[in-house]
Every structure is written in C-alpha cells, then in structure tokens.
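Heads up, the thing below is written out as structure tokens.
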Amino acid sequence: VETPARGKRPASSVEIRKQRVIVVFGMFKAGYKPDARSYNVQREDIDHFLKHGETLHGEWWYEGKRIPRKGGHCETLPAGMEEREREAPWAPELTHALDVLDGCAAQFAGKTNYHQDAVWWAKTGVTRSHFTHEAQDGKGPSDGYNTLAARGVKAGLLANELLDPGTRELVHFLAKRCMSPTVAKANKHGWWAAEGYIWAYYDTALFTKKAVPEAEGYAGSMENHCHIGMCKDKENAERDGPLQVRGLWCGCQPCVNYDFKGCLMKSEFGAYKTVYCRLAPNQHVSETRSM
C-alpha cells in the first residue's frame, strides 16, 4: 500500500496481506422481521453465486448492473440500468464456508438454523461451519458498513436525486449511487476493507417453510457454539439433521480440514460430538424457489 506524503508525514510503502472482500446488502420490506428463513435464503444465494456465477432467489446488482439469475429474471429491468454479462464464477471450487455470527436465536442460532447447517452440503455442495460468537453482536467486521445505505440516501437527496418509494426502488437507487467504495481497496490497509458492494432485493414471498423448513432442537444446544454438517446423503441430512458440535470453534489445521479426531486443542476445547437436529413433524424437505 502506497501512502502519499501529507504535512510532516513522509510518503511510505507497506506490504500488507489482503483478502478479497465483497459486502452483500440484502434488503426486503420492513414489515418482515429477519429470521432463519430470510438469512438462509440469502446465504444460499451467496454460495450459489460464488460457485456458479448466478443467483437462485434474489435480484442482485454489482457495479450498477443486474447479475444473472438461474431461470432468468421476471422483474422488469429499470430504465437506465443494464444486465451484467454472465462471467466465470468467482469460486467454482468452493467446498467450505465459515459463518461467524452472533447468537441471535431468531436469525442465526436456534434449531432451524442448526438444521440448515446439517443440510447445507446437500443443498449447495458447500460444507458450512457455523460459529456463534457473542462478541459479534454489534461488533463484527461488517457492522461498519451498516451506515452506508443511509449515507447513500442522504447524499442523493442533498444532490436533488429522485428516490422512488419502495424497497426494490431503494436497492436500485443504491446500486447506482453506491456502486463501489469511494476509496479503492488498493489504497487501504484494513484486512476487512471491501473492494465492492452487491445490492440485493428479496421478495418476502421467498422466505417460506419450503425454502427453510422448521426443525426440532436438541438437548444442550446452548452449550455449543460450533455446528458443522458433514452428511453427504441428502435424505438423511434433511430427515435427521446430523451435526458435529462443540463448545468452541477451533482453527487448528486438522479441524480446518475437518479431521476432528486429530484436533490439537482437545484439552482446551473438548472433543466434537454428534447430535441430531431433526426435521419437525409435518415439514417437507427444503425446496429452491426463485421469483
């Protein structure tokens, strides 16, 4: 990173290790309270987009253009906006994902989310390691981006730009006004500095029991903050919801490779154990639906 001279500060050049960071802003009408269904429908879109270069459910915008969706879009393209050309997937060989979330039972923890962890590989081809962490409540790396939408709207109104009412209209407005960070990632030092923004609209009709069915809990879930679904059989994963669980997530090399028996931190964190977060009675297996 090159830092120009300013005042008494001399110019400097620093080598910094970076990762690729894209922030996804998922929006839906205010009357719907975020829950496990809204979260997992959006998460499925993220993994599907990374692996296949298209979305399944939502209407996504990147760099001011609409990202392709499987089966095509049924919504009319807004005036003055363009479709994004289909491109090679960003991570076609994606097999593992780590979700670091706060412990909100309605959105991120709780039985329905744990069941989604169990079926995630069957749904997406990605094994999801789900870590709930109280310190993420209002203090996660993504929280700093929460004000971007409000700042974008305020700047637009001060510039006398027209903002039509409606959530989808808001997404379109922000997709044009806030296409990318004002300071390029190449000029930032932060590990979580974003290189781009995706603005996404979701019709709440997508958040159904068919997409994310309800599940039964398991005894002792409050003690476990790490849930990993390893079952490759879709029927068993959906019905029984087998999970590997432990009190804390571990980043040792064997655990990162899902070799839990070889964990180097068993004496500190304890061993993983198998539990079952089964599908609730009268629930059907999850089903993908796009609007």
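The values are calculated or read from the model by the stated rules, or taken from the named source; none is laboratory data. No experiment lies behind these values; they were computed from the predicted model shown. Note that each Cβ is placed from the backbone with ideal geometry, even for glycine, and that neighbours are counted across all protein chains shown.
Only one of the numbered conditions (1) modelled with pLDDT of 90 or more; (2) in contact with a helix residue (DSSP H, G or I) (Cβ under 7 Å, 6 or more places away or on another chain); (3) aliphatic (A, V, I, L, M); (4) over 30 Å from S267 (Cα atoms) is violated by L158, and that is (2). When the stretch 6-51 is filtered for residues that are without any contact (Cβ under 8 Å) to a residue 12 or more places away in the chain and among the hydrophobic types (A, V, I, L, M, F, W, C), only A11 remains.
Restricting to the stretch 103-116, name every residue that is more than 13 Å from the chain's Cα centre (by Cα) and not polar (S, T, N, Q). Hits for the stretch 103-116 are G103, C104, A105, A106, A109, G110, K111, Y114, H115. For the subset of the stretch 252-264 comprising residues that are among the hydrophobic types (A, V, I, L, M, F, W, C) and exposed (fewer than 14 other Cβ atoms within 10 Å of the Cβ), which member is modelled with the lowest pLDDT? If we take residues in the stretch 252-264 being among the hydrophobic types (A, V, I, L, M, F, W, C) and exposed (fewer than 14 other Cβ atoms within 10 Å of the Cβ), then V256 is modelled with the lowest pLDDT.
Does N224 qualify as being within 22 Å of the chain's Cα centre (by Cα), of a type outside the set (A, V, I, L, M, F, W, C) and buried (at least 19 other Cβ atoms within 10 Å of the Cβ)?
Working: within 22 Å of the chain's Cα centre (by Cα): yes; of a type outside the set (A, V, I, L, M, F, W, C): yes; buried (at least 19 other Cβ atoms within 10 Å of the Cβ): yes.
Yes; evaluated as a whole, the condition is true for this residue.
Can you confirm whether L162 is surrounded by fewer than 17 Cβ atoms within 10 Å (Cβ to Cβ), aliphatic (A, V, I, L, M) and over 30 Å from L279 (Cα atoms)? Yes: the conditions hold for L162. In this structure, does V171 turn out to be within 18 Å of the chain's Cα centre (by Cα) and either hydrophobic (A, V, I, L, M, F, W, C) or farther than 21 Å from D102 by Cα (or both)? Judged against the criteria, V171 is a match. Against the list (1) at pLDDT 90 or above; (2) in contact with a Phe, Trp or Tyr (Cβ under 8 Å, 6 or more places away or on another chain), the condition W249 fails is (1). Among the residues of the stretch 234-263, the ones that are in a loop (DSSP other than H, G, I, E, B) and under 24 Å from the mean Cα position of the chain (by Cα) come to 9 in all.
Selection of the stretch 62-106 for residues being within 26 Å of K232 (Cβ to Cβ) and of a type in the set (K, R) yields only K70. Note on the stretch 1-50: among residues that are of a type in the set (A, V, I, L, M, F, W, C) and in a loop (DSSP other than H, G, I, E, B), the one that is nearest to W199 (Cα to Cα) is F28.
Taking (1) farther than 24 Å from V100 by Cα; (2) crowded, with 18+ Cβ neighbours inside 10 Å in turn, V41 satisfies each apart from (1).
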